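**Student:** Dumping the structure here so I can ask a few things about it.
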Amino acid sequence: MHSTRTLAHGCVSSAWTLSFLVLHNWFVARGPRELQEAVLADRSFALIPCRLAPTGTGVPTESRFCLLRIDEVEVIDT
């Protein structure tokens with residue numbers, strides 16, 4: 001976070017992009033071991049630009065929304 005704030009003094013857009021890419025490494029680290037091994041097989045970090053908001057279908061219930069389906073996420077090997 002410190003590096004992102006420092007970079008933002010020079011370029012806010014670059015700082016946002018850096019924090020966006022780094023955040024996805026945290027998501028991978030919190031995921032199952034299989035995901036970590038697939039994404040981090042060749043190095044200790046990954047550059048993963050993707051949307052943060054899940055896409056799917058939500059249905060209102062009495063007290064909340066229930067998520068019926070989330071579109072599949074595919075890991076593309078480059």
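**Student:** Find the residue count for the stretch 1-14, including only residues that are at pLDDT 90 or above and touching a helix residue (DSSP H, G or I) at 6+ places or on another chain (Cβ under 7 Å).
**Tutor:** Summing the residues that are at pLDDT 90 or above and touching a helix residue (DSSP H, G or I) at 6+ places or on another chain (Cβ under 7 Å) in the stretch 1-14 gives 0.
**Student:** Just checking, how many residues over the stretch 1-15 are in a helix (DSSP H, G or I) and hydrophobic (A, V, I, L, M, F, W, C)? If you could, list the steps in order and put the result at the bottom.
**Tutor:** Filtering the stretch 1-15 for residues in a helix (DSSP H, G or I) gives 2-8, 12-15.
Next, only the ones that are hydrophobic (A, V, I, L, M, F, W, C) stay: 7-8, 12, 15.
So the count comes out to 4.
**Student:** Going by what's in this entry, would GLY56 be described as modelled with pLDDT of 80 or more and either exposed (fewer than 14 other Cβ atoms within 10 Å of the Cβ) or at positive phi (or both)?
**Tutor:** no
**Student:** Report, by residue number, each residue of the stretch 27-52 that is of a type in the set (D, E, K, R) and either modelled with pLDDT of 90 or more or under 14 Å from the mean Cα position of the chain (by Cα) (or both). Before the answer, list the steps.
**Tutor:** Going residue by residue through the stretch 27-52, those that are of a type in the set (D, E, K, R) are 30, 33-34, 37, 42-43, 51.
Hits for the stretch 27-52 are ARG30, ARG33, GLU34, GLU37, ARG51.
The values are calculated or read from the model by the stated rules, or taken from the named source; none is laboratory data. This one's a predicted model, so the numbers in the text were calculated from it and none came from an experiment. Glycine also receives a Cβ, built like all others from the backbone with ideal geometry; neighbour counts cover every protein chain displayed.
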